[in-house]
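Following: one structure in structure tokens, then a few remarks.
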Amino acid sequence: MIRLAATVLVLSLLAVDGREIPDDLIRLPSEASRFFNSGGGADDDGDDSVGTRWAVLIAGSNGYWNYRHQADVCHAYQLLKKGGLKDENIIVFMYDDIAQNEENPRPGIIINSPHGDDVYKGVPKDYTGENVTVNNFFSVILGNKTALTGGSGKVVDSGPTDHIFIFYSDHGGPGVLGMPTSPFLYANDLIDVLKKKHASGTYKSMVFYLEACESGSIFEGLLPKGLNIYATTAANAEESSWGTYCPGEDPSPPEEYETCLGDLYSVAWMEDSDTKNLRTETLRQQYELVKMRTANGNSAYGSHVMQFGDLQLSKEDLFLYMGTNPANDNYSFVNDNFLLPPSKAVNQRDADLLHFWDKFRKAPEGSPRKLEAQKQFVEAMSHRMHIDNSMKMVGKLLFGIEKGPEVLNTVRPSGQPLVDDWDCLKTLSQYGMKHMRSVANICNAGIQKEQMAEASAQACITIPSGHWSSLHKGFSA
Ligand SMILES: *[C@@H]1O[C@H](CO)[C@@H](O)[C@H](O)[C@H]1NC(C)=O
Ligand SMILES: *[C@@H]1O[C@H](CO)[C@@H](O)[C@H](O)[C@H]1NC(C)=O
Ligand SMILES: *[C@@H]1O[C@H](CO)[C@@H](O)[C@H](O)[C@H]1NC(C)=O
């Protein structure tokens, strides 16, 4: 209904302008653009003399089946670079195991959309491999060089008039974000770092874009107002976020790709920023567009984009954080998202299974590759089932057959943090991100470590030490 109304509005505005409407491109006349631009553009100081733009870009996963997170981050680098940010001010964290991966059909190249250009070329390798750690991420934000372990040494060495943009793309769970190394990143630690950064007086304002499952739980009830931080997340605190451009979906990647190329929220903001004059679009306007696209026609293949922190910052233009590509100077804000049909998408947590399945499907009958794909699929599935069942069992042992599932699945009212005792949550993190809410509820019920250990022992739980184990992978999703 809303979609229809908006489309009619757009069309009638165009009719007033009396211009031809090209098939695939509808642009608003500038008056109409201002009409949509309610309250926006007010802070458009339109010059570069207002401090330095800094960016921290991080993909928290590794493995070819997680291609999309590093593709997102490489794409973000390209767009900021075109926007005029300097390499010395863009700090990139990525495991860097995709471009040269033996599964990559185009060696040395990474794409983030089916017909997209290479986004890998020129990306700075500041923190790669084992150097992609929580400690380094925090130290980079804080500008603390002495706290770094490995990497290029580049940090956000910002001053009081500077603007900082952080983009994180990965798996996540209630209260946690993934890392390709151990440990996970916990929401309360991130918030502490942001508070510290604010206390150091080394930025004017900060924007945080976050793609992950349950990403709303990272800020909900935790990010205070007054830090001059505006954050948006791909999902609310209780739902998955979605991969996009996945094999077998529409639109799908080129046939030879057996993996998703991007994530729905990430691609939504970047494909918007890629084409616009960012002096004429506010954060708020982008939030609305991205929210609409990521909801995916309110289908089952979408999530609820959320915003947190100092919402009044959303009146600022994207230009302040992302610069703008001079080639887009004539492309002002448009509501062209209304014209995108909903696309198919894949739950972040199923993207690995999809990769193995697609590999299996395409491999020649009887080939070693087919056998390998089958084995990988079965291993990933059985790891999941084992952990899921163990968690259910622990719940029943602690709270009883009837109440167990209820306690584990409880969701606190919105605005409240997931858990009060973060140390408790961390201690029990071996169940993986997906079960963080259950673990949080166990902590909130005041269960002691010893009781938990006993229940785990009774449930005969051994966290498998195989390939998918959270004991090895920071990101067991
Ligand atoms: C930087 O990190 C080091 C090592 O963790 C710490 O001792 C020092 O206090 C930090 N410096 C600042 C300014 O926070
Ligand atoms: C980690 O950083 C160190 C120090 O810069 C570097 O020597 C090492 O090669 C890096 N490791 C990876 C995997 O990039
Ligand atoms: C924008 O439009 C003006 C006027 O039509 C034109 O001179 C200019 O080259 C265009 N700029 C870009 C980047 O396309």
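If you check Lys225 against the conditions, is it away from ligand 3 (no atom under 16 Å from the Cβ), of a type in the set (D, E, K, R), touching a residue at least 24 places away in the same chain (Cβ under 8 Å) and outside any loop (DSSP other than H, G, I, E, B)? No. One residue stands out among those in region 340-372 that are among the acidic types (Asp, Glu) and within 19 Å of the chain's Cα centre (by Cα): the one that is nearest to Trp65 (Cα to Cα), which is Asp352.
Would you check which residues across region 168-189 are within 17 Å of the chain's Cα centre (by Cα) and surrounded by fewer than 23 Cβ atoms within 10 Å (Cβ to Cβ) and list them?
Tyr186
When Phe138 is tested against the conditions (1) farther than 18 Å from Tyr77 by Cβ; (2) surrounded by fewer than 15 Cβ atoms within 10 Å (Cβ to Cβ), the lone failure is (2). So Ile141 clears everything in (1) in a helix (DSSP H, G or I); (2) of a type in the set (Val, Ile, Thr); (3) over 20 Å from Tyr209 (Cα atoms) except one condition, right? Which one? Of (1) in a helix (DSSP H, G or I); (2) of a type in the set (Val, Ile, Thr); (3) over 20 Å from Tyr209 (Cα atoms), only one is false for Ile141: (3).
Among residues of region 230-255 being over 13 Å from the mean Cα position of the chain (by Cα) and aromatic (Phe, Trp, Tyr), the one that is surrounded by the most Cβ atoms within 10 Å (Cβ to Cβ) is Tyr245.
Among all residues of region 78-89, there is none that is outside any loop (DSSP other than H, G, I, E, B) and within 14 Å of the chain's Cα centre (by Cα).
Conditions tested, residue by residue: (1) within 30 Å of Lys204 (Cα to Cα); (2) of a type in the set (Phe, Trp, Tyr); (3) within 13 Å of ligand 2 (Cβ to nearest atom).
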residue: Gly84; (1), (2), (3): yes, no, no
residue: Asp117; (1), (2), (3): no, no, no
residue: Asp126; (1), (2), (3): yes, no, yes
residue: Lys154; (1), (2), (3): yes, no, yes
residue: His163; (1), (2), (3): yes, no, no
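Here the condition is being part of a loop (DSSP other than H, G, I, E, B), among the acidic types (Asp, Glu), under 29 Å from Pro174 (Cα atoms) and not assigned by TED's automatic domain parsing to the domain that holds Pro413; of Glu256, Glu239, Glu271, it holds for Glu239 alone. Restricting attention to region 97-153, the residues being within 16 Å of ligand 1 (Cβ to nearest atom) and among the aliphatic types (A, V, I, L, M) number 6. Answer yes if at least one residue in region 386-405 is among the aromatic types (Phe, Trp, Tyr), part of a helix (DSSP H, G or I) and either under 27 Å from the mean Cα position of the chain (by Cα) or under 22 Å from Asn236 (Cα atoms) (or both), and no otherwise. For region 386-405, residues among the aromatic types (Phe, Trp, Tyr), part of a helix (DSSP H, G or I) and either under 27 Å from the mean Cα position of the chain (by Cα) or under 22 Å from Asn236 (Cα atoms) (or both): absent.
The values are calculated or read from the model by the stated rules, or taken from the named source; none is laboratory data. No experiment lies behind these values; they were computed from the predicted model shown. Glycine gets a Cβ as well: all are built from the backbone with ideal geometry, and neighbour counts include every protein chain shown.
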